[in-house]
Amino acid sequence: MIVDTLLVRLGGESGIDNAISAGDVLTLSVARSGYHVHTFRTYPAEIKGGPVMFQLRAGVQPVPSLGDKLDVLLAFNEEAWQLHGEALRPDGVLIFDPGEHDAPREFGGTAYGVPLDRLSKDLNLRKGKNLIALGALSALFGFDFQPIQATVKDKFGRKRPEFVESNRIALMAGFEWAKENIQDEVPFRLAAPDSTHDPELVMSGNQAIVAGALAAGCRYFAGYPITPASDILEEMAKRLPPIGGASFQTEDEIAAIASVVGASIAGVKAMTATSGPGFSLMQEMLGLATMAEVPVVVVNSMRAGPSTGMPTKMEQADLNIALYGGHGEAPRIVLAARSVEDSFYQAMHAFYLSETFQMPVILLTDQSLSHRTATLPMPDPYRVPVVERLRPTAEDAGGYQRYRLTESGVSPMGIPGFDATPFTATGLEHDEYGAPNYTPAMHSAQLDKRGHKFERAAEVLCDLEYPLGCHAYGAPEAEAEVGVLAWGSTAGVVREAVEEMAAEGLPVAALVPAVINPLPAERIMEFAGHLRAIIVPEVNRTGQFAAWVKANTELHLISLNKYGGLPFTPAEIRAKVMEFLVAKPQEPAAELQPTEEVAHG
Amino acid sequence: MAREAKTKPKLLPKDYKSKVKPTWCPGCGDFGVLASLYQAMARMELDPARTVVVSGIGCSSRLPFFVQTYGFQTAHGRVLPVAIGVKIANPALTVIAVGGDGDGFSIGGNHLAHAVRRNPDITYVVMDNEVYGLTKGQTSPTSPLGFKTKSTPYGSSDAPINPMAWALASGVSFAARGFSGDPKHLTDLIVAGVEHPGFAFIQAMSPCPTFYNTFDLWRPQIEALPEGYDPGDRMQALSQVFRDDGIPVGLFYRQERPTLDSHTRVTAHPLREETEDFDVQALLEMYR
Ligand SMILES: Cc1ncc(C[n+]2csc(CCOP(=O)(O)OP(=O)(O)O)c2C)c(N)n1
């Protein structure tokens, strides 16, 4: 059977099977052959030991989500079968190592035993199992061999030339073994790629954030290592110095954001990135940035919490802290990236907003999106304006008021070394000049100033267009009966489920805003229109986004919560939507009962 | 850089005074430190538009408001990482960090060792009054063992830390101690600290007349470092900071070593002025 998408999972033992690096090689080579890809991976938090998995979904058309059941499972050991067997479709393909275990009896699909371990021992390539497996995979499924070899060369060639040859030998060994020993046709094969377009880019969400930030003019980064945000620090450390910027690993997250605030005061566009525990530590400095009106961008890649939680698992549970984390009334702009491509645009967007409104902007992503690699078309940086904060003019010299009460709330910000307008910024309430001032009138006036900026931001944001504004999928909204309202990385699965259902003629539409605060409430109300039900899927237990939307719109929403550390699958979205499409006229029972639906993942 | 200030007449100490009146109690030691800072700034002819005084929170951390330069009063304990961000962003700026002993050695303690080992070219003046002033008299990390305050009614259980020893042990490249009762000497130390290319740590003994009046206790103990003292000798510096008798003041240690900005930055230009052409599309092409 020729299929449009193929979902392959590699499962193995961390530090032994190198399943992740095999997956990375496969991803890039498949993309270079002209397919669209979307990956998902989970690691144990430990460096050595523990199960890892890498999953690649390749498609002839764009693949917005990680998909549902696996078409192919490559199990390096028996544990991988035990962990992932259930995810494999009953008529799927299992590739296993007969040296590790027998073909599982309970499995009714096609099982191929490939002696990965023995082949690697015969070749004296202790670490070659993964490439032997890739060789066998490409022989079986007809993946183009050339790009795999080229990718291995690109990935290892420069640092370890000796790897190129041994990897080639391993790849060939797997390929030839499979050709010789497995004659039957595999049950499904991916259709030929669309060769009319250039191969797309393959980036991770975090790499896209870095590229977007640099495109927006970010030239200072500070961070403290934390999964799943460390690679933003590492990427910045690599990219910034050669273009005249600076990147800096600090002693903790407090110092990271503190130095970012300092760098911004000195006139540089600056950013930090962290995950839950570090984001908790940053709250006080975020308040300072609000009070002193310093533009900063903070990326929070959400992982399962609370506390240290599950560092390598995703969750969408930091919306509340992003919105409300600080003390006092400190409105913050909160954005949530929806895909790898969107990570690029939202990073640019974050700088645009923080510079325009001189306030912190929080960009949320999560483990699954940060570490997801996916194909994307070349982003167009000109779609997002690159701006700089308002600066003092000649008129401001003499009696310069840094915190002048203006109608928009935005006032010119002097930069030491560039503007002859010294002032002292502070986290204390202050007057127009910046001097401490605790009078009722001044506190009210400055709170209004900071509030007006935020309200202005809401106006600017209300009619954003693609790629920054709300994304809408599925049936035309006027015809839809059931709606799905999502945020962040859940966008991809929602898109896939809803587009598929709409193509089947079902009246389903979806809306996914990028700007979470200020919420595009009018647009959401318009979407809600006459929908019979609005489902809000999110990967958390309490429905933080649903609560936030309710607070802003008074809509009745149906929460669909999943909280096992894994993202939704399109099938889970579909199943929930179907509940509301099938019958249940007027008063759906689900609306009267507790509206939480739990799908453990 | 825009707006050259070269043609301006020479600035006097009073020109560095802002319009904001100090909030300190009469007789506060911090007045002496502030006076020394004005003097030092005038002596070095610092350009107010290119000088940033950064602080944390506390009575002493109010100081930036009283100085007519750029200033930033940050959050409690966070003076050093903010100051470092300012300095990396624009190495051409003169960055002076100030604060109290609670700010620098308690809540901000972690930042001290790391600032010191990175050696950014900034000067850090800690006004040490061995008590929490702003919060009205609780024990501080430099308070003596057994110190009775409202938060330690039976006497503090914690031995004081030794800030100079801490800085030296972390690898500080400039360490000095002064006394707010001797502003002339303190001025010399601040000038030397600002001129030192690297992290200059200055412990300014600055009594709090309201919550722990140590003027009379300290004054007789204040003395210069011994004749023939060599500030290039770290072991000698350690033996002086660990002395049980007296409060020696002066330049304890000075060493030249590479600064943070020379490591993190290729050039000394302000980051916002870097002219390096950056083509994001060229970067993105690498991901194909
Ligand atoms: C996070 C935080 N905790 C506590 C405080 C309250 N606080 C303000 S200043 C201060 C200590 C002041 O002592 P010190 O730093 O020695 O400065 P001094 O007032 O003596 O000059 C404290 C605890 C605060 N502002 N922020």
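The values are calculated or read from the model by the stated rules, or taken from the named source; none is laboratory data. Since we're looking at a predicted model, the values are computed, not measured. Backbone-built Cβ (ideal geometry, glycine too); neighbour counts: all protein chains shown.
Among the residues of the stretch B:142-153, are any near the ligand (Cβ under 10 Å from one of its atoms), in contact with a helix residue (DSSP H, G or I) (Cβ under 7 Å, 6 or more places away or on another chain), assigned to a loop (DSSP other than H, G, I, E, B) and under 17 Å from B:L168 (Cβ atoms)?
For the stretch B:142-153, residues near the ligand (Cβ under 10 Å from one of its atoms), in contact with a helix residue (DSSP H, G or I) (Cβ under 7 Å, 6 or more places away or on another chain), assigned to a loop (DSSP other than H, G, I, E, B) and under 17 Å from B:L168 (Cβ atoms): present.
Can you tell me how many residues within the stretch B:90-117 are buried (at least 24 other Cβ atoms within 10 Å of the Cβ), more than 21 Å from A:F221 (Cα to Cα) and more than 10 Å from the ligand (Cβ to nearest atom)?
Qualifying residue count for the region: 2.
Would it be correct to say that A:E180 is of a type in the set (D, E, K, R) and assigned to a helix (DSSP H, G or I)?
The answer is yes for A:E180.
Please go through the stretch A:400-452 and pick out each residue that is under 19 Å from B:S18 (Cα atoms) and outside any loop (DSSP other than H, G, I, E, B).
Hits for the stretch A:400-452 are A:T424, A:A425, A:T426, A:H430, A:P436.
Please determine whether any residue of the stretch B:15-32 is facing chain A (nearest Cβ under 8 Å), over 30 Å from B:T135 (Cα atoms) and at pLDDT 95 or above.
No, every residue in the stretch B:15-32 fails to be facing chain A (nearest Cβ under 8 Å), over 30 Å from B:T135 (Cα atoms) and at pLDDT 95 or above.
Being closer than 26 Å to B:V116 by Cα and within 12 Å of chain B (Cβ to nearest Cβ): is that true of A:L233 here?
No; evaluated as a whole, the condition is false for this residue.
Does at least one position in the stretch B:76-87 carry a residue that is surrounded by fewer than 24 Cβ atoms within 10 Å (Cβ to Cβ) and within 16 Å of the ligand (Cβ to nearest atom)?
yes
Which residues, counting only those in the stretch A:36-82, are under 23 Å from the mean Cα position of the chain (by Cα) and aromatic (F, W, Y)?
Across the stretch A:36-82, the qualifying residues are A:F40, A:Y43, A:F54.
Does B:V131 qualify as being of a type in the set (V, I, T) and closer than 15 Å to B:R254 by Cβ?
Spelling it out, it is not the case that B:V131 is of a type in the set (V, I, T) and closer than 15 Å to B:R254 by Cβ.
Could you tell me whether B:M164 is outside any loop (DSSP other than H, G, I, E, B) and within 8 Å of the ligand (Cβ to nearest atom)?
Working: outside any loop (DSSP other than H, G, I, E, B): yes; within 8 Å of the ligand (Cβ to nearest atom): no.
Considered against the rule, which asks whether it is outside any loop (DSSP other than H, G, I, E, B) and within 8 Å of the ligand (Cβ to nearest atom), B:M164 comes out as no.
Kindly indicate whether any position in the stretch B:25-37 is hydroxyl-bearing (S, T, Y), away from the ligand (no atom under 11 Å from the Cβ) and under 28 Å from A:P392 (Cα atoms).
Residues of the stretch B:25-37 hydroxyl-bearing (S, T, Y): B:36.
From the residues that got through so far, the ones that are away from the ligand (no atom under 11 Å from the Cβ) too are B:36.
Those still in the list that are under 28 Å from A:P392 (Cα atoms) too: none.
Taking every residue of the stretch B:25-37 in turn, none turns out to be hydroxyl-bearing (S, T, Y), away from the ligand (no atom under 11 Å from the Cβ) and under 28 Å from A:P392 (Cα atoms).
May I ask you to list the residues in the stretch A:273-285 that are buried (at least 23 other Cβ atoms within 10 Å of the Cβ) and facing another protein chain (nearest Cβ under 10 Å)?
A:M285
Could you list, ordered by first residue, the pairs with Cβ atoms under 6 Å in which the first is in the stretch B:112-136 and more than 14 Å from every other protein chain (Cβ to nearest Cβ) and at positive phi and the second is within 16 Å of the ligand (Cβ to nearest atom) and in a loop (DSSP other than H, G, I, E, B), at least 6 apart or interchain?
Final answer for the pair search is B:E130/B:S140; B:E130/B:T142; B:E130/B:S143.
Hey, among B:V126, B:V172, which residue is outside any loop (DSSP other than H, G, I, E, B) and modelled with pLDDT of 95 or more?
Result: B:V126 is the single residue among B:V126, B:V172 that is outside any loop (DSSP other than H, G, I, E, B) and modelled with pLDDT of 95 or more.
Condition check ((1) more than 10 Å from chain A (Cβ to nearest Cβ); (2) more than 23 Å from the chain's Cα centre (by Cα)) across all residues:
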| site | (1), (2) |
| --- | --- |
| B:C208 | yes, no |
| B:L217 | yes, yes |
| B:L260 | no, no |
| B:A282 | yes, yes |
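So A:G409 fits all but one of (1) more than 21 Å from B:N90 (Cβ to Cβ); (2) surrounded by fewer than 24 Cβ atoms within 10 Å (Cβ to Cβ); (3) in contact with a strand residue (DSSP E or B) (Cβ under 8 Å, 6 or more places away or on another chain); what number is the exception?
With (1) more than 21 Å from B:N90 (Cβ to Cβ); (2) surrounded by fewer than 24 Cβ atoms within 10 Å (Cβ to Cβ); (3) in contact with a strand residue (DSSP E or B) (Cβ under 8 Å, 6 or more places away or on another chain) applied to A:G409, the lone miss is (3).
Just to be sure I understand the filter: pairs with C-beta atoms under 9 Å, separated by 6 or more residues or on different chains, first member in the stretch B:234-252 and farther than 18 Å from B:F199 by Cα, second member of a type in the set (F, W, Y) and part of a helix (DSSP H, G or I). Which pairs pass?
B:I247/B:W218
If we only count strands (runs of 3 or more DSSP E) wholly inside the stretch B:179-285, which ones have 2 or more residues that are touching a strand residue (DSSP E or B) at 6+ places or on another chain (Cβ under 8 Å) and under 30 Å from B:R50 (Cβ atoms)?
Once the strands (runs of 3 or more DSSP E) in the stretch B:179-285 are filtered for at least 2 residues that are touching a strand residue (DSSP E or B) at 6+ places or on another chain (Cβ under 8 Å) and under 30 Å from B:R50 (Cβ atoms), what remains is B:200-205, B:247-254.
Return the residue satisfying two criteria in turn: it lies in the stretch A:434-447 and is more than 17 Å from A:A289 (Cα to Cα) and within 14 Å of chain B (Cβ to nearest Cβ), and of such residues it is surrounded by the most Cβ atoms within 10 Å (Cβ to Cβ).
It comes out as A:N437.
Taking the residues in the stretch B:131-141 that are near the ligand (Cβ under 8 Å from one of its atoms) and of a type in the set (S, T, N, Q) as candidates, determine which candidate is farthest from B:V79 (Cα to Cα).
B:Q138
Could you tell me whether any residue of the stretch A:121-132 is in contact with a strand residue (DSSP E or B) (Cβ under 9 Å, 6 or more places away or on another chain), assigned by TED's automatic domain parsing to the domain that holds A:D184 and surrounded by fewer than 15 Cβ atoms within 10 Å (Cβ to Cβ)? Working first, answer last.
The first filter runs over the stretch A:121-132 and keeps only residues in contact with a strand residue (DSSP E or B) (Cβ under 9 Å, 6 or more places away or on another chain), leaving A:129-130.
Filter again for assigned by TED's automatic domain parsing to the domain that holds A:D184, leaving A:129-130.
Next, from what is left, pick out any that are surrounded by fewer than 15 Cβ atoms within 10 Å (Cβ to Cβ): none.
No, every residue in the stretch A:121-132 fails to be in contact with a strand residue (DSSP E or B) (Cβ under 9 Å, 6 or more places away or on another chain), assigned by TED's automatic domain parsing to the domain that holds A:D184 and surrounded by fewer than 15 Cβ atoms within 10 Å (Cβ to Cβ).
Say we look at the stretch B:42-63 and pick out the residues that are away from the ligand (no atom under 16 Å from the Cβ) and more than 12 Å from every other protein chain (Cβ to nearest Cβ); which of these is surrounded by the most Cβ atoms within 10 Å (Cβ to Cβ)?
This residue is B:A42.
Being of a type in the set (D, E) and within 16 Å of the ligand (Cβ to nearest atom) is the requirement here; does B:D128 meet it?
On the way: of a type in the set (D, E): yes; within 16 Å of the ligand (Cβ to nearest atom): yes.
Yes; evaluated as a whole, the condition is true for this residue.
Check off (1) within 16 Å of the ligand (Cβ to nearest atom); (2) surrounded by fewer than 24 Cβ atoms within 10 Å (Cβ to Cβ); (3) within 14 Å of chain A (Cβ to nearest Cβ) for B:F72 and give me the number that stays unchecked.
(2)
For the stretch B:2-9, does any single residue satisfy the condition of being under 19 Å from B:N129 (Cβ atoms) and either assigned to a helix (DSSP H, G or I) or β-branched (V, I, T) (or both)?
Step one: filter the stretch B:2-9 for residues under 19 Å from B:N129 (Cβ atoms), giving none.
Checked the stretch B:2-9: no residue is under 19 Å from B:N129 (Cβ atoms) and either assigned to a helix (DSSP H, G or I) or β-branched (V, I, T) (or both).
Which one of these is among the β-branched types (V, I, T), more than 20 Å from A:T39 (Cα to Cα), crowded, with 22+ Cβ neighbours inside 10 Å and within 11 Å of chain B (Cβ to nearest Cβ): A:I243, A:I257? Before the answer, list the steps.
Working: A:I243 fails: crowded, with 22+ Cβ neighbours inside 10 Å.
Being among the β-branched types (V, I, T), more than 20 Å from A:T39 (Cα to Cα), crowded, with 22+ Cβ neighbours inside 10 Å and within 11 Å of chain B (Cβ to nearest Cβ) holds for just one of A:I243, A:I257, which is A:I257.
Anything in the stretch B:75-92 that is at the interface with chain A (Cβ under 7 Å from one of its Cβ atoms), free of Cβ contacts under 8 Å to residues at least 60 places away in the same chain and not basic (K, R)? List them, or say none.
Passing the criteria: B:A75, B:P81, B:V82, B:A83, B:G85, B:V86.
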